Amino acid sequence: MKRRRFIAGLGSGAALAACAPETQEQICSNSTQRFEWKLVTTWPPNFPGLGTGVNTLARYIEELSAGRIEVRVYAGGELVPAFEVFDAVQQGTSELGHGAAYYWRGKTEAAQFFAAIPFGLNAHEMNAWLYYGGGLALWREVYEPFNLMPFPCGNTGCQMGGWFNRPIESMDDLKGLKMRIPGIGGEVLQRAGGIPVNLPASEIFTALQTGSIDATEWVSPYNDVAMGLHQAARYYYYPGWQEPGPTLECIVNMDAWNSLPPDLQAIVRIACQATNLDMISEFMARNASSLEQLTADESVEIRPFPEDVLAGIKALTFEVVEELAARDPVAARVWKSYQDFMQRSQPWQAISEQAMLATKLL
Ligand code: CA
C-alpha cells in the first residue's frame, strides 16, 4: 500500500497518466523490452553545463532503467544541425532531443514562454509555474500537434546581459548594434533599433571575434569563459534581462514515448526532473568560480546596464509580448497563465528571496 501511494505520488501536480495507481501492476511488471534511443542536442559536443548536462540525462536514464533504455547522445551538427532538433524528434529521426523552447518560435510562437521571457520568471519560479502552476500541462498541449512530449530538463539560472565590443551608456547605443540574441529578447533589441542575429552556439565566438557581430549574449560566466568570449569583447554587462532563468527542454517523440512501458516512462520523466536539479546546481557553483576568474582579468570590464536602459527595454519587452499574444491565440493562453503566475509570485518573492538577498549588502 505504501509503495502504491509512493508511485501515485510521482505523478502528482503534472497530470501524468503514466503513474496512475491502476497501472501499478504494469509498473511492477519490470518489462524486459529493450530500447536503443538517440538524443540529438542543440549544443556543441560535451559543452560544459549544457552538453555535459545532456550526458548526465543519458546516464540517469541508462542507470535507472538498468540499461533497458540505451541513449546515444549527438551534439549539434553530428546527426542533425542544431536548429533541426525539433524537426528530427518530431519526425522520429531521433527519439529524444535537448535544447531550449525559444529556438522553436518559427514552429509555434507560444514555445518561447517555456524557455524564457525577458524580465519574466526566474529559475525557481519557472519550476513552480511548470510543475505546480499549470505551465507543464500547457506546454504539452502546445507541443502535442507536433507529436512531441516536452519535459523541463535543466536551467542555467539568471544569465548575464552579454559581451559588447563598445560601452552601452544609453538606449541610443543600441541603435545599429548587431547582436546574437534569440527569441523575444532579439525582437526587443530590434525595436530599440538594433539588429538581432540568431546563431547556434558553435558559431558565436568566431562571429564576435571577427566583428561580424558587435555583441552577443550567451549564458553566464561558466559557459561564457568556456566559449572564450572574454577574449573576443571587453564589456560584460549584467543583469541578463533577456533570460532571468531559462528552462531547457527534453523533447520525446510521442510514438517513441507511447512505445515505452509505464515504468520506463516514469524513469525518463524522473531522469529529466533530476537533470533539471543537477544542471542548475552545477551552474550556480561554477558561475561563482568563473566570475572570480573574470573579475581578476584586466581585459574585462564587468558593468551593470544603466537603469534607464533597463527601463527602456523592459517597456519594449511588454509591448512585444502583448503584440505576440494579440496575434496568436495559443500564445495568448500561455501568456495569461505565465503572467498570472508572475503577478501572484512577485509579492512573495519580494518578502522572501529578494528581501534575503538584499540583506547580503548589509
Ligand atoms: Ca542566453
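The values are calculated or read from the model by the stated rules, or taken from the named source; none is laboratory data. Quick caveat: nothing in here was measured; it's all calculated off a predicted structure. Note that each Cβ is placed from the backbone with ideal geometry, even for glycine, and that neighbours are counted across all protein chains shown. Please note that ligands, DNA and RNA were not included when accessible areas were found on the heavy atoms of the full protein model with its side chains. Shrake-Rupley method; radii C 1.70, N 1.55, O 1.52, S 1.80 Å.
A dipole drawn for the chain from +1 and -1 charges on Cβ atoms has a positive end, and of T247, G194, A266 the residue lying farthest that way is A266.
The heavy atoms of T206 offer some 80 square angstrom of accessible surface to a 1.4 angstrom probe.
Per-residue 3J(HN,Hα) values for the range 89-100, derived from phi via the Karplus relation 6.51 cos²θ - 1.76 cosθ + 1.60 with θ = phi - 60°, read 6, 4, 7, x, 4, 9, 6, 10, x, 9, x, 10 Hz in sequence order (x marks Gly and Pro).
Just to make sure I understand: if all protein chains stay in place, what is the order of I117, I267 by accessible area at 1.4 Å, largest first?
Values: I117 0, I267 25 Å².
Order by accessible area, largest first: I267, I117.
Hey, can you find the accessible area per residue of the chain for me, probe 1.4 Å, expressed in square angstrom?
Working: 15680 Å² over 362 residues.
On a per-residue basis, the chain sits at 43 Å².
Here D340 sits with roughly 60 square angstrom of accessible surface, probe radius 1.4 Å. Global dimensions of the range 256-328 from alpha-carbon coordinates: Rg and Dmax equal 21.2, 56 Å. Cross-link partners of K175 among aspartates and glutamates, defined as those whose alpha carbon lies under 19 angstrom from its own and excluding same-chain residues fewer than eight positions apart: E187, D214, E217, E307, D308, E319. Rounded to the nearest 500, the helix-only mean residue ellipticity at 222 nm of the chain stands at -14500 deg cm²/dmol, with each DSSP H run of n ≥ 4 adding -39,500 (n - 2.57). With the whole protein complex present, F35 retains an accessible surface near 20 Å², based on a 1.4 Å probe. Panel note: the C-alpha atoms of the chain, placed on their principal axes, show extents of 64, 45, 42 Å (largest first).
Please state the charge dipole magnitude for the chain, taken about the Cα centre, from unit charges on C-beta atoms (+1 on K and R, -1 on D and E), reported in debye and rounded to the nearest 20.
On the way: 27 positive and 40 negative charges, 155 e Å.
Value, rounded to 20: 740 debye.
Take each of the peptides 247-253, 345-351, 287-293, average the number of other beta-carbon atoms within 10 Å over its residues, and list them starting from the highest. Intermediate results must be reported in sequence, preceding the final value.
Details: 247-253: 27.4, 345-351: 12.3, 287-293: 15.1.
Result, highest mean first: 247-253, 287-293, 345-351.
Taking 41 Å as R0, compute the FRET efficiency from the Cβ-Cβ separation of L310 and T210 and round it to 0.05.
Numbers: r = 29 Å, r/R0 = 0.71.
Computed FRET efficiency for L310 and T210 comes out at 0.90.
For the chain, the residue among Q112, S220, G92 whose Cα projects farthest onto the positive side of the dipole built from Cβ charges is G92. The Q343 and R34 beta-carbon pair, evaluated with R₀ = 45 Å, returns a calculated FRET efficiency of approximately 0.40.
Using R0 = 41 Å, the C-beta based FRET efficiency linking A332 and R72 works out to 0.55. For the pair the range 78-139 / the range 237-288, the C-alpha centres are spaced 10 Å from each other. Counting only aspartates and glutamates at least 8 places from K360 when in the same chain, those with an alpha carbon closer than 20 Å to its own are E292. For the range 207-362, the extents of the C-alpha atoms along the principal axes are 56, 42, 34 Å, listed from largest to smallest. The alpha carbon convex hull volume per residue for the range 151-254 rounds to 104 Å³. DSSP assigns beta bridges within the chain; of those with both partners inside it, close to 45 percent run antiparallel. Of the residues R166, R34, the one with the largest accessible area comes first in the ranking R34, R166, computed with a 1.4 Å probe on protein heavy atoms. The order of E323, E307 by accessible area, most exposed first and with a 1.4 Å probe, is E307, E323.
Expressed to the nearest 5 percent, the antiparallel share of DSSP beta bridges inside the range 145-288 is 70 percent.
Which log10 I(q)/I(0) values does the range 81-237 give at q = 0.09, 0.12 Å⁻¹ under the Debye formula, counting every alpha carbon as one identical point scatterer? Rounded to two decimals, the profile gives -0.32, -0.57.
In plain terms, the C-alpha convex hull of the range 281-362 casts an average shadow of 8.6 nm² when viewed from every direction.
Which pairs in the list K38/K107; K314/K336; K38/K336 are over 25 Å apart, alpha-carbon to alpha-carbon? Walk me through the intermediate numbers first.
On the way: K38/K107 22 Å; K314/K336 18 Å; K38/K336 35 Å.
Flagged as over cut-off: K38/K336.
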